[in-house]
Amino acid sequence: MLIDAWKLCGWGTNSFHDSTIKTNVFASVAAGFYLSTVELLESCRYKLEWSQQSNHIINFNRLTANNEMPPPNLLKSIPWAYQNDLSGGIIDSEVKLESHELGWSIEGRTSFLLPCDFFNRVIFNSSGFVKQFPQNILERWDLVGFDMVYSNGLIAMLEASKEVFLSNDNFVYLRDERDWSKTIANHMTYFGYAAPMLTKQDQSSTNFEMNLSPSLPLSLGKLVGLWERANGKTAKCRIVLSSQSVKLEISPLLTFVLEDSN
């Protein structure tokens, strides 16, 4: 069952009895997935040494740690990490998955599934290591109602999610606010992101609201990337957290005033 889950998620091939896996996933992430899977199967802690034989082949050396294996602690301080009212459904999507010998792709791009809990744990665990951002990043993100214990990690994830989208050549064309619904469906809903609602748009800003969900940081970052690609401008974002939702206001980071020289 775990072998099938690895294939379904696009993580690669692994018998879990050998010390080698084949994968398209980033090596450090794949190594963590391998270690957690083996520990789950054998109910035992291991120390892991790993090396890359090639871009797609990773070799492992397991050393028994002889430690108890308690379940991971819940991320209780992150309000969007766990939502009991989430419901699944069938979406009529035009996205086509292309199966390969190793993993799968979407429109020719290597793709795989990653759990939202992975990203939320990265946010929480990395916040203490992100001491100070460059001013040009800090001025883009205004967080209201968020706990300082994870805010630095959240800003890093928002910025990363936005830049991942902008690094691709996806075309985004918005004539008016009516195009946002289709754009959100094509770029977000079909790929498992949260579904934001456009609440207001004028010449100075664009406003959205979305319910809390485990994919919140990735969804917000990609939404800002969509806005930047469509408008050709760097965004300044104000994100306000409430008990059930977040509100996002996007405006241009730079504003220009035209003056008559006469």
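Here, each number is a calculation from the coordinates, and none is a lab measurement. It should be emphasised that the depicted structure is a prediction, and the values quoted were computed from it without experimental measurement. Every residue, glycine as well, gets a Cβ built from its backbone with ideal geometry; the counts of neighbours run over all protein chains shown.
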_Percentage relative contact order, the chain, counting C-alpha pairs under 8 Å, at least six apart_ = 15
_Most fluctuating residue given options 17, 56, 100, as computed from a GNM of the chain linking Cα atoms under 10 Å_ = 17
*asked:* Can you tell me how region 97-252 classifies by the Cα gyration tensor, rounded, prolate or oblate, using a/c under 1.5 as the rounded cut?
replied: oblate
*May I ask you to compute the full-extension gain from residue 8 to residue 66, defined as 0.36 nm times their residue separation minus their alpha-carbon distance, rounded to one decimal in nm?*
17.7 nm
*Just from its helices, what would the mean residue ellipticity at 222 nm be for the chain, if runs of 4 or more DSSP H residues each count -39500 (n - 2.57) and the sum is divided by every residue, rounded to the nearest 500 deg cm²/dmol?*
-9500 deg cm²/dmol
*With a ≥ b ≥ c taken as the square roots of the eigenvalues of the C-alpha gyration tensor of region 2-64, please select rounded if a/c is under 1.5 and otherwise prolate if a/b is larger than b/c or oblate if it is not?*
oblate
*Which of the listed residues, 136, 225, 189, is farthest toward the dipole's positive end in the chain, when Lys, Arg count +1 and Asp, Glu count -1 at the beta-carbon?*
136
*Please go through region 1-74 and write out the GluC sites (Glu not before Pro) that DSSP classes as loop and that have at most 14 other C-beta atoms within 10 Å.*
68
*Could you run the Karplus curve 6.51 cos²θ - 1.76 cosθ + 1.60 with θ = phi - 60° over region 153-170 and give me ³J(HN,Hα) per residue in whole Hz, x for Gly and Pro?*
x, 5, 4, 4, 6, 4, 5, 5, 4, 4, 5, 4, 5, 5, 6, 8, 9, 5
*Would you mind giving the average projected area, over all directions, of the Cα convex hull of the chain in nm² with one decimal?*
17.9
_Cα coordinate range in region 102-154, projected on the principal axes (Å, largest first)_ = 40, 24, 21
*Read phi for every residue in region 181-192 and hand back ³J(HN,Hα) as whole Hz from Karplus 6.51 cos²θ - 1.76 cosθ + 1.60, θ = phi - 60°, with x for Gly and Pro.*
4, 5, 4, 5, 5, 5, 9, 10, 4, 5, 10, x
